[in-house]
Amino acid sequence: MYSFVNSTLKEDGHVDMANALHKLLDTKVAEREEKTRLMFSIMKPINIPDGGLALLDIFLEVDPEIAAIQLSLIDFSIYGKIRPSELLNQSWNKAKLKYRSPNVLAMIERSTRISLWVATTIVYCDRLPQRVKAIEKMIDIEHHLFKLGNFNCLMGINAGLALSPIHRLKKTWKRVSTERKEKLEKYHEIMSPNSSYKLYRNALREATPPVLPYLGTSLTDLTFMDDGNPDMLNGLINFHKREMIFGSIREVLQPQGSPYTFPVVEPIYSFLRELPHNPSDTELWDLSNYIEPKTEKKKK
């Protein structure tokens, strides 16, 4: 069927359109084959010596693809529980109504925890080579998260790497490979809020299921729809507002029909489910200053 359509377009003079269609379909097929390969791959467990490993060592030893897969399984286990009623009336953002949105709040808390875990992991590395390895590992995980279509976790790691205690580590960032820096810049650009997250929305539309959207964008859309449109118009129910909200909720829930089906790999699954982190901004900043003290400018 594809060959017939492609040849027909070329015969009708639409060569550019045929080539674009060919490229798009090849990309989709490649994405599907990659995700199918991962689903049937046997994930190698981490070998833990009898004496055990520190949590930081576990992270530094894990394969970034396995880490991205386990993060996607964990995130989707929360995302898949979100019900339509949780996305109504901005319940997640109102103290008296938060009880109505337990899974939305769990997803928000998860994103915050990911960001703090990223920062904690890096500042707990007291040696420069170890910090460089931790940052590069985070960026490698982002690379696989993007391939897996897990934009929610991708945003969480992006936010963690952009936190002030991490951003200021100039000596560390100087040692990070150019290739990793370019990848990080790419993901920062894709997840940028510019033009109402235009690049992210395009990437989400083009991604092959299963996918895990960045929930924050959807919640912002729902808030604007709710606040920016009256419930009643000329004494009648504003059905247009309700149609917009319904459409946005449908977009949030649609990915739930195609979950990730990868195998669980322990102990990394349990480790990434808990995401040990330091919740104190002050302590993260103090640790950052400890591992890379401020250098005083020389007086002229």
Exactly one of (1) more than 30 Å from P165 (Cα to Cα); (2) in contact with a strand residue (DSSP E or B) (Cβ under 9 Å, 6 or more places away or on another chain) is unmet by L212. Its number? (1)
Six or more apart or on different chains, Cβ atoms under 6 Å: show the pairs whose first residue is in segment 249-269 and closer than 19 Å to V104 by Cα and in the same structural domain as W92 (by TED's automatic domain parsing) and whose second is of a type in the set (A, V, I, L, M) and in a loop (DSSP other than H, G, I, E, B). P255/V211
Pairs with Cβ under 6 Å, 6+ apart, first in segment 274-292 and farther than 20 Å from W173 by Cβ, second among the polar types (S, T, N, Q): H277/T120; N278/T120
When both residues are 6+ apart or on different chains and their Cβ atoms are under 6 Å apart, which pairs have a first residue that lies in segment 193-207 and is outside any helix (DSSP H, G or I), and a second that is modelled with pLDDT of 95 or more and of a type in the set (S, T, Y)? none
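To keep it simple, each residue is scored yes or no on (1) among the basic types (K, R); (2) under 16 Å from the mean Cα position of the chain (by Cα).
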site: A95; (1), (2): no, no
site: V123; (1), (2): no, no
site: E142; (1), (2): no, yes
site: K147; (1), (2): yes, yes
site: G156; (1), (2): no, yes
site: I166; (1), (2): no, no
Only one of L204, L184, L212, L222 is more than 13 Å from the chain's Cα centre (by Cα) and either modelled with pLDDT of 95 or more or in the same structural domain as P102 (by TED's automatic domain parsing) (or both); which? L222
So, in segment 95-116, exactly how many residues are under 16 Å from L253 (Cβ atoms), touching a residue at least 24 places away in the same chain (Cβ under 8 Å) and surrounded by fewer than 21 Cβ atoms within 10 Å (Cβ to Cβ)? 2
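The values are calculated or read from the model by the stated rules, or taken from the named source; none is laboratory data. None of the values given here were measured: they were computed from a predicted structure. Every residue, glycine among them, receives a Cβ derived from its backbone with ideal geometry; neighbour counts consider all protein chains shown.
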